[in-house]
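Written out below as structure tokens is the structure these notes cover.
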């Protein structure tokens, strides 16, 4: 930690000598001023932890120097010395932002107590500043929105522009695209970033409970309400309220929400006095709200209020280039979370992920990686470890079917000596192929030869050699 530095300002050299010695014994460096103008200049500079300033000095007095310093944004703890312990001086000093005051002649133990409190206050400020920075870093990590594709970068740019403006935001996108993550990103980069971020899912809360969930209730408002409770709006005061799946909100609540946005106040359930709130609203939905308005399922005036700025989150299938980045992020995250060795994806596993359509978007990818990291004993995860739905349900290719059939036969074959496997196996492949093509052409050998891409005489020979009977009724 840097050495503390104090400003001492007085036109009395004996006072300066006493104060300099006092702070030197505490390991605090000292700068001196002998008039108010010099004191005011030094107070506006960097690096001061505290200052002890006489109220009566040549040029500007101590109160004027104090006033100018505070107006310039100085956060130094300033102790005012005065030879006149008048109520007026005391009130004026404290009103202008002094940390404390001391009356001449003073006892050094009294100064020691005041300076000790000032230095302790500095330590607390530094601790708060450190914690604040850590909190910001944590928020940045928690709200890391991964993506380098143009579609996502465009969303980033728009989010960056809107974050600092205290307007409502409407986020549109399919389930699992990261709407809440984007809302947190906007919140943490706004002036409300250190305030609360409260999320409520309109689709997850039963309709008859949603009103009290949002607005709270008073004691006795309904059976079982033995005491009052704050709702999400009150909890989000000074911060951001994220209304997820707002398209599922019933019409009565839509009307109440509109009023809160307009009036910035609401009534608790069972309440008679309005509660004022300062809340920024970010809403999200996977529904087409314009269509919902046309179908009279969503209020048009509420939609106008919500979409101050609209952001569209693209589905993961439209940003396939981000799949490897997301996979690496979740692999690292869950490897640390589960305390194991960091895991990787095999080239085939990554290829399978890039070829998958991801109907559940980023949330589905996250869940698949989590499960694979948790359950697989392998460090290098395979396609089988991922267990993608596409891999489980897709139909096998012709080559895969033939390979699966041939593998057991080949594995049982002795690899020593001449086996003539080609001549043995090929008829089993050619015979069903020619039979199926002849069925399709209803026994027309000219058409069958064309489909097969072979000479007609060659086809006739194979029909004879393979003992294929032609059925002209099929096809």
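Each value in this text was obtained by applying a stated rule to the coordinates, not by laboratory testing. All values reported here derive from a predicted model rather than from experimental measurement. A quick note on method: Cβ atoms are made from the backbone with ideal geometry, for glycine too, and the neighbour counts reach across all protein chains shown.
Roughly how many nanometres apart are two label points built 7 Å out from the Cα toward the Cβ at residue 467 and residue 290?
6.9
Average the reciprocal distances over every distinct pair of alpha-carbons in the chain, invert the result, and give the Kirkwood radius in Å.
Radius from the Kirkwood sum: 30.4 Å.
May I ask you to compute the full-extension gain from residue 148 to residue 421, defined as 0.36 nm times their residue separation minus their alpha-carbon distance, rounded to one decimal in nm?
Extra length from residue 148 to residue 421 when fully extended: 93.1 nm.
Given an 8 Å cut-off on Cα distances and at least 6 residues of separation, report the relative contact order of segment 5-128 as a percent.
So the answer I get is 21 percent.
Is segment 143-314 rounded, prolate or oblate when judged by the Cα gyration tensor, a ≥ b ≥ c being the square roots of its eigenvalues, rounded requiring a/c under 1.5 and prolate requiring a/b larger than b/c?
Taking the square roots of the gyration eigenvalues as a ≥ b ≥ c, segment 143-314 is prolate.
Can you classify segment 13-76 as rounded, prolate or oblate using the Cα gyration tensor, where a ≥ b ≥ c are the square roots of its eigenvalues, rounded means a/c under 1.5, and otherwise it's prolate if a/b beats b/c and oblate if not?
Oblate, because a/c is 1.5 or more while a/b does not exceed b/c.
How far apart, in nanometres, would the label points at residue 219 and residue 13 be if each is projected 7 angstrom from Cα along the Cα-to-Cβ direction?
7.0
Sort the following peptides by mean Cβ neighbour count (other Cβ atoms within 10 Å, averaged over residues), highest first: 258-269, 29-40, 207-218.
The packing order, highest mean first, is 29-40, 207-218, 258-269.
More than 17 angstrom separation, counting every C-alpha pair in segment 317-393; what % is that?
Everything past 17 Å amounts to 36 percent.
Given R₀ = 51 Å, what would the calculated FRET efficiency be for residue 276 paired with residue 341, taking r from the Cβ atoms and rounding to 0.05?
0.45
Going by average Cβ density within 10 Å per residue, which order do the peptides 50-62, 420-432, 102-114, 71-83 take, highest to lowest?
Going from most to least packed, we get 50-62, 71-83, 102-114, 420-432.
Could you work out how far the C-alpha centroid of segment 151-169 sits from that of segment 349-364, in angstrom?
Computed from Cα coordinates, the inter-centre distance equals 26 Å.
Just want to confirm a number: the relative contact order over the chain, from Cα pairs under 8 angstrom separated by 6+ residues, in percent.
Relative contact order comes out at 10 percent.
Computed FRET efficiency, Cβ-Cβ of residue 104 and residue 132, R0 41 Å: what is it to the nearest 0.05?
0.60
For segment 5-128, what does the alpha-carbon gyration tensor say about shape, rounded, prolate or oblate, given a ≥ b ≥ c as the root eigenvalues, a/c under 1.5 as rounded, and a/b over b/c as prolate?
Rounded, because the longest to shortest axis ratio a/c is under 1.5.
Which whole-angstrom value gives the distance between the alpha carbon centres of segment 234-312 and segment 437-472?
71
Of the peptides 460-467, 176-183, 231-238, how do they stack up when ordered by the mean number of other Cβ atoms within 10 Å, highest first?
With the highest mean Cβ count within 10 Å placed first, the list reads 176-183, 231-238, 460-467.
Based solely on its DSSP helices, what 222 nm [θ] is calculated for the chain when runs of n ≥ 4 H residues each add -39,500 (n - 2.57) and the sum is averaged over all residues, nearest 500 deg cm²/dmol?
-15500 deg cm²/dmol
Using 0.36 nm per residue, how much length does the chain from residue 371 to residue 175 gain when fully extended, once their Cα-Cα distance is taken away?
68.6 nm
What is segment 143-314's relative contact order, in percent, from Cα pairs under 8 angstrom and six or more apart in sequence?
This gives 33 percent for segment 143-314.
What is the extension gain from residue 256 to residue 24, computed as 0.36 nm multiplied by their sequence separation minus the C-alpha to C-alpha distance, in nm to one decimal?
That pair, residue 256 and residue 24, stretches by 77.1 nm at full extension.
Between residue 399 and residue 227, what FRET efficiency follows from the Cβ-Cβ distance if R0 is 45 Å, with the result rounded to 0.05?
0.05
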